[in-house]
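Take a look at the structure below.
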Amino acid sequence: MVDLVSQLTHRKKGYTLEAPFYTDPEIFEADMDVIFGRHWIFVGVDVDVPEPGDVMVVKVHQTEVAIVRDDDGVIRAFHNVCRHRGARLVHDDKTTVGNLVCRYHSWVYDTTGALIHAEHMGQDFDKSCHGLKPVHCRSLEGLLFICLAENAPADFDEMERQIAPYLAPHNLRDAKIAYEHDLLEHGNWKLTIENNRECYHCGANHPELTVPLFAYGFGFDPKELDPAEREHAENYACMLNDNHRDWESQGLPSKEIDRLDDMVTSFRTERLPLAGAGESHTLNTERACKKLMGNLTNAKAGALHLWTQPNSWHHFMGDHAVVFSVLPIDAEHSILRTKWLVHKDAREGIDYDLQNLIGVWMATNQQDGDLVGYCQQGVRGKGYVPGPYSPHTEMLVEKCTNWYVGRMMAHLAQTRAVA
Amino acid sequence: MVDLVSQLTHRKKGYTLEAPFYTDPEIFEADMDVIFGRHWIFVGVDVDVPEPGDVMVVKVHQTEVAIVRDDDGVIRAFHNVCRHRGARLVHDDKTTVGNLVCRYHSWVYDTTGALIHAEHMGQDFDKSCHGLKPVHCRSLEGLLFICLAENAPADFDEMERQIAPYLAPHNLRDAKIAYEHDLLEHGNWKLTIENNRECYHCGANHPELTVPLFAYGFGFDPKELDPAEREHAENYACMLNDNHRDWESQGLPSKEIDRLDDMVTSFRTERLPLAGAGESHTLNTERACKKLMGNLTNAKAGALHLWTQPNSWHHFMGDHAVVFSVLPIDAEHSILRTKWLVHKDAREGIDYDLQNLIGVWMATNQQDGDLVGYCQQGVRGKGYVPGPYSPHTEMLVEKCTNWYVGRMMAHLAQTRAVA
Amino acid sequence: MVDLVSQLTHRKKGYTLEAPFYTDPEIFEADMDVIFGRHWIFVGVDVDVPEPGDVMVVKVHQTEVAIVRDDDGVIRAFHNVCRHRGARLVHDDKTTVGNLVCRYHSWVYDTTGALIHAEHMGQDFDKSCHGLKPVHCRSLEGLLFICLAENAPADFDEMERQIAPYLAPHNLRDAKIAYEHDLLEHGNWKLTIENNRECYHCGANHPELTVPLFAYGFGFDPKELDPAEREHAENYACMLNDNHRDWESQGLPSKEIDRLDDMVTSFRTERLPLAGAGESHTLNTERACKKLMGNLTNAKAGALHLWTQPNSWHHFMGDHAVVFSVLPIDAEHSILRTKWLVHKDAREGIDYDLQNLIGVWMATNQQDGDLVGYCQQGVRGKGYVPGPYSPHTEMLVEKCTNWYVGRMMAHLAQTRAVA
């Protein structure tokens, strides 16, 4: 991997990565090993498995993980593979079980992963050595993260300490999934993330999303503003300040926390105001769900943004939440998984209209997926060279790219030290 | 290939192989070179090409072989490629020809493979140097085997000496193919073979096949039996003994021969009794075909099992036979080819009902294919580790895995000695 | 790449290449680098982009090139990728633009490739350093060639000097595209080219094409002729001589120029007589289009053949022209792109019937595509060995293969000298 180290070392700061980072199957394998194999990956929400015995299977590249709520209500994660002949254990994306029974030779595991029955294995066979292999699993106020590594990054605790107060008022554990959707994107996972970390592209591409968003919330070159625009920008800055103060006084933490490039478990959050009626990511900017999330009483809670590296972003509004995870398929394809959450007692057709709830992000995801595909097609050719990020609108993309480069370097340095 | 040697050397006895043996394209290429390129591969039956001029094309991974019955009735095998520009020669799976004519530039080969016509090649061109490249081909009592290597393993003669007496009474050369079927399995060829070499999985997965089979014929842990089960097992052992004695007295060799791990051309055979009416692999356990195979007069001939490594298994009953070959596609896909044989004079709709004839194995193959696919999905993930074979029900899987490891090692050792 | 050098060095003269040259993904990548990355590639005709602002996108393996007629009428070529985030720029195969606008962040390039607008990039950003990356582009009497290398082979000028007089009377710049068609061939690009460089296969495979063609025009072994055939062959030679003399006296250069293996920019041309009515590649050998090409007044202009290495062939008749380009997809697949040209004022349904115009080559392409596929299937197997080219009918295939080997060697020698 000398080439990879060299390419990472000589990366031009402030520019997109060299083409192989988006196209090369070997670098993709390194990504899967280092980034997706050794960091906390967002995979869903507690309410994906609301009851004891509920199981959800998530595939992180080639590795399937069964997320199980055990009989005591604890959420656990296991490799979804029988310890006998390696057969896949659970075959449905979601199901409910008493025990986990392998279809091949009927080995039986309980919901804590313990092997409790295996026929014909002889007297020397020790069932206690053949339980399901566990996977690290943490719930951060209802957001589920797993880590495939033997030793998971310890600074998850620090992320939790900082983020939990922001999330708590939205009470995700008291929510339900109103809808979920998988979109196949024809691009490397890093292009999906880079696309998400800026809104420079929003004006030209997202006619629905730009209805609730304020254009000035996502950066601009102050020298390009005419006097009218400068006034708007200043008004936005004042409003943001006022809103943060108001929300915090209501017990809604709002100020930006940016830990994108100084933590192993990297994240960023901020609560942002919404335009128009100011309530939600909908076409009329009003709440999509009559029943508010958690114990919120004010629908104008803005949109709490949360990003975690390497693979998630989230919007928590007063009336609903949208959580997104990127799941790499190969160097040139990824799944974008989106889940829309509402209060668990909200009733479809009465408290919310589903199409209204999901409309903005169903459209926006497809638009983003197309853009990611355009980049993938572009970086494949001999004519691609890394291009410059805007210092005014893409500085957070640069931070995320820096995080990626830093994490890859850190691991490769470690590997070298060992060798 | 140092890694491969190392992985083979350190294989944990009694356990499934490490994941790359089921998933890695380079190990698959080594399998195709060493196992499928240098051993006897079962590809069909004499009656696939019953008449002079009949041709069958078989694809062993990327190599197509034309199996031709020549004008004198001799079955020969050739690489299915013209010696001129490399065009594929025969394009149908089965056809009948006078000569073999290349469509590209009309070069003509006779049924012995000799080039007999090639226009415009000039006076210095020697047709005798441009005949079709022959492939080793042997018929063992009507079962066709080929070997792609320059020098084929010599112990085919030993296998023939031992097996021929078992097969002779079924007279496969006097049979016809009633039906054939290809199933695409989503798994490495070794998973298909491992699945076939045990019946530990039968009870939970094969409701049709377990009708004619006796559960106690495929191994069990005696310590797990309760008194009633122990009596059944003992009764089965007595019955097996009695049946073997009776069949052998009728000229039907029956006792187990197990040469799975002490020959290059590895095989195992045994005649086993059937449950119920005791006649055939059918749902009512009665014969599917009124006309018996060969010169058999007793329909209760049990089921003669035959396995050959690396790629076949067979069931020869009194009324019909089913022959199976595994043909690898790539590291993660294989074709399972099944042919049902009846006496050549048996008439469909009169002597046999086709759905009754093929029903048990059409269902069983699909069930096995699903299981193989589950294992392939399981071994892909980071959570797979080799698991233990049951000492009571999977000892023959272990022998077949040992054979594979031994053959790979033998070849790699040879390669090293040369280098 | 030592192996590749060794394989090229030891190539058996007069024989097809070793199998990996048709199947190996790494050699394919070397082909794309050396052959398609550093030579002049035929990609279309001037009249693909007849008006200012017209754009055509051509994909040479993974590299998309936008061919643009600028506002001054100059045809230019650019890598079809935005200099900002690497997004594909033009998404239609053909379109017409004022400027080239990236959909991602609205960067704007004019038709000369200059970046004229990019928002939010800050005061230090130099637009003049971020224009579209140019690709070498030359029009040879209306045939468009591009070269992806930094430095394109200089002997394009020599090719132009020799070929331009042959092409000029057909005036391709005054033509229009009557029809175009892409055929996916299941074979390596070199098999497509080898197939095109001989007509030994025509008799057995091209019932339509052999109507207008003379069999003796494509080589034969004189010792195989019977007296009647010898007389036909001698008559053909006389007729060819007479035709060349007549055409040249009419200002239609006709004699063979063969620079297949002594130039970097390799080509061959010759004007050949047609059978029957002698006018065109049609089933009745009469002109398909009433209006003749350019300023031609004699419909019996024969068929001017032009080949350029690595990827084109062409037939220019009195009434129409057919131009072909081979565009590799991967080691085992290629696109054959065909365009039929008529005088720009010819009217479909009045001056020409489209099915009559395209019929012979639509059928012939499909037949050739099948043959290429047969070879690809043949060379994949272990039984393939390089076969001999006919010294009488495949000597030009040998020249093209020699050119390929020579160009690969020249580049690899250069690479070694540097290293």
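With no other cysteine's Cβ closer than 4.7 Å, which Cys residues of chain B count as lacking a disulfide-compatible partner?
When partners are defined as cysteine Cβ atoms under 4.7 Å apart, chain B leaves B:Cys129, B:Cys137, B:Cys147, B:Cys238, B:Cys289, B:Cys375, B:Cys400 without one.
Would you calculate the volume per residue, in Å³, of the smallest convex hull containing every Cα atom of segment A:75-178? Could the numbers behind the result be given before it?
On the way: hull volume 12.5 nm³, N = 104.
Measuring per residue, one finds 120 Å³ for the Cα hull of segment A:75-178.
So if R0 is 25 Å, what FRET efficiency would B:His117 and C:Ala275 give, r being the distance between their Cβ atoms, rounded to the nearest 0.05? Intermediate values should be presented prior to the final figure.
Values: r = 26 Å, r/R0 = 1.05.
So the FRET efficiency works out to roughly 0.45.
Select from segment C:273-313 those trypsin sites (Lys or Arg not before Pro) which occupy a DSSP coil region and have at most 14 other Cβ atoms within 10 Å, ordered by residue number.
Working: sites: C:Arg287, C:Lys290, C:Lys291, C:Lys300; in loops: C:Arg287, C:Lys290, C:Lys291, C:Lys300.
Answer in residue order: C:Lys290.
Quantify how strongly other chains surround peptide A:75-85 by giving the mean number of their Cβ atoms within 10 Å of each of its Cβ atoms.
Numbers: counts 0, 0, 0, 1, 6, 4, 12, 5, 6, 8, 21.
That average works out to 6.
Considering the rotation that carries chain B onto chain C, locate the chain B residue whose Cβ comes closest to its axis and report the distance in whole Å.
Result for the axis mapping B onto C: B:Pro25, 6.
Below 12 angstrom from the Cβ of B:Ser266, what's the summed charge of the other residues (Lys, Arg +1; Asp, Glu -1)?
Values: positive: B:Arg197, B:Arg259, B:Arg268, B:Lys399, B:Arg407; negative: B:Asp155, B:Glu158, B:Asp258, B:Asp261, B:Asp262.
Counting the neighbours of B:Ser266, the net charge comes to 0.
Given a 1.4 Å probe and heavy atoms of the protein chains only, how would you sort C:Ser249, B:Ser139, A:Ser280, largest accessible area at the top?
Highest to lowest solvent-accessible surface, that is C:Ser249, B:Ser139, A:Ser280.
Measuring nothing but label to label, 7 Å from Cα along Cα→Cβ, what are C:Ile335's distances to the other copies in nm, shortest first?
In nanometres, ordered from closest: 3.1, 3.1.
Pop out the Kirkwood hydrodynamic radius of segment A:164-404 from its pairwise C-alpha distances, inverse of mean 1/r, in Å to one decimal.
That comes to 18.7 Å for segment A:164-404.
Mind grabbing the accessible area of C:His105 for me, 1.4 Å probe, Å², rounded to tens?
Here the accessible area works out near 10 Å².
For peptide C:361-373, what's the mean number of Cβ atoms from other chains within 10 Å of each residue's Cβ?
Values: counts 0, 0, 0, 0, 0, 0, 1, 0, 0, 3, 6, 2, 3.
Taking the mean over all residues of the peptide, I get 1.
Using only Cα positions of segment C:246-330, each an equal point scatterer, no hydration layer, compute I(q)/I(0) via Debye at q = 0.20 Å⁻¹ and quote the log10 values to two decimals.
-0.93
Which value, in square angstrom to the nearest 100, describes the accessible area buried between chains B and A on both sides, using a 1.4 angstrom probe? Could the numbers behind the result be given before it?
Working: alone 18720 and 18710 Å², together 34750 Å².
Summing both chains' loss of accessible area gives about 2700 Å².
Once you wrap a convex hull around the alpha carbon atoms of segment C:118-203, what is its projected area averaged over all directions, in nm²? Could you put the intermediate results ahead of the total?
Details: hull surface 45.7 nm².
Computing the convex hull of the Cα atoms and averaging its projections yields 11.4 nm².
For segment B:1-127, just the Cα atoms, rotate onto the principal axes and tell me the three extents in Å, largest first.
Largest first, segment B:1-127 extends 58, 37, 20 Å along its Cα principal axes.
Which longest run of chain B has no exposed loop site in it, a site being GluC sites (Glu not before Pro) in a DSSP loop with at most 14 other beta carbons within 10 Å, and the site itself not part of the run?
On the way: sites that count: B:Glu150, B:Glu256.
Maximal segment without exposed cleavage sites: B:257-419.
What is the Cα centroid distance between segment B:64-90 and segment C:261-303, reported in whole angstrom?
41 Å
Measure of size requested: the Rg and Dmax of the protein assembly as shown, with Cα atoms as the atom set and Å as the unit; please supply both.
Reported Rg and Dmax, both Å: 35.9, 109.
Segment C:1-62 to segment C:188-240: how many Å between their Cα centroids?
Spelled out, the Cα-based centre of one part sits 28 Å from the other.
Just to confirm the filter: which trypsin sites (Lys or Arg not before Pro) across segment B:1-76 are DSSP coil and have at most 13 other Cβ within 10 angstrom of their Cβ? The partial results should precede the final answer.
Numbers: sites: B:Arg11, B:Lys12, B:Lys13, B:Arg38, B:Lys59, B:Arg69, B:Arg76; in loops: B:Arg11, B:Lys12, B:Lys13.
Loop-located and lightly packed - B:Lys12, B:Lys13.
Over the protein assembly as shown, with every protein chain in place, what whole percent of the accessible area is carbon and sulfur at 1.4 Å, could you tell me? List each step's numbers first, then the result.
Working: 23690 of 48140 Å².
That fraction is 49 percent.
For q = 0.12, 0.14, 0.18, 0.20 Å⁻¹, what log10 I(q)/I(0) does segment A:97-252 give under the Debye formula with an equal point scatterer on each alpha carbon and no solvent?
-0.91, -1.11, -1.36, -1.37
Return the average number of partner chain Cβ atoms within 10 angstrom of each residue Cβ along peptide C:385-393. Before the final figure, lay out the partial values.
Values: counts 6, 3, 9, 11, 3, 9, 6, 4, 5.
Counting Cβ atoms of other protein chains within 10 Å of each residue's Cβ and averaging gives 6.
Could you work out the Kirkwood radius for chain B, taking every pair of different alpha carbons, averaging 1/r and inverting it, reported in Å?
Numbers: mean 1/r = 0.0438 Å⁻¹.
That comes to 22.8 Å for chain B.
Accessible area per residue of the protein assembly as shown at 1.4 Å probe, in Å²? Show your work: numbers first, answer last.
Details: 48140 Å² over 1257 residues.
For the protein assembly as shown, the per-residue accessible area is 38 Å².
Å³ per residue of the Cα convex hull, for segment B:164-240? Walk me through the numbers before you get to the answer.
Values: hull volume 14.0 nm³, N = 77.
In segment B:164-240, the Cα convex hull volume per residue is 182 Å³.
Pairs to check: A:Lys399/C:Lys127; B:Lys290/B:Lys339; A:Lys382/B:Lys59; C:Lys255/C:Lys290; B:Lys94/B:Lys300; C:Lys190/C:Lys291. Give those whose C-alpha atoms are more than 29 Å from each other in this structure. Don't skip to the answer; put the middle values down first.
On the way: A:Lys399/C:Lys127 24 Å; B:Lys290/B:Lys339 19 Å; A:Lys382/B:Lys59 38 Å; C:Lys255/C:Lys290 27 Å; B:Lys94/B:Lys300 34 Å; C:Lys190/C:Lys291 36 Å.
In this structure, A:Lys382/B:Lys59; B:Lys94/B:Lys300; C:Lys190/C:Lys291 exceed 29 Å between Cα atoms.
Take the Cα coordinates of segment A:314-419, assign each an equal point scatterer, and use the Debye formula without solvent to give log10 I(q)/I(0) at q = 0.11, 0.12, 0.13 Å⁻¹.
-0.59, -0.68, -0.77
Round to a whole angstrom and tell me the spacing of the C-alpha centers of segment B:306-375 and segment A:344-419.
Rounded to whole Å, the Cα centres lie 49 Å apart.
The values are calculated or read from the model by the stated rules, or taken from the named source; none is laboratory data. Computed from a predicted model, the values in this text were never measured in an experiment. Because the Cβ atoms are built from the backbone with ideal geometry, glycine has one as well, and the counts that use them run over all protein chains shown. These area figures cover heavy atoms from the full protein model, side chains too; ligands, DNA and RNA do not enter into them. Shrake-Rupley method; radii C 1.70, N 1.55, O 1.52, S 1.80 Å.
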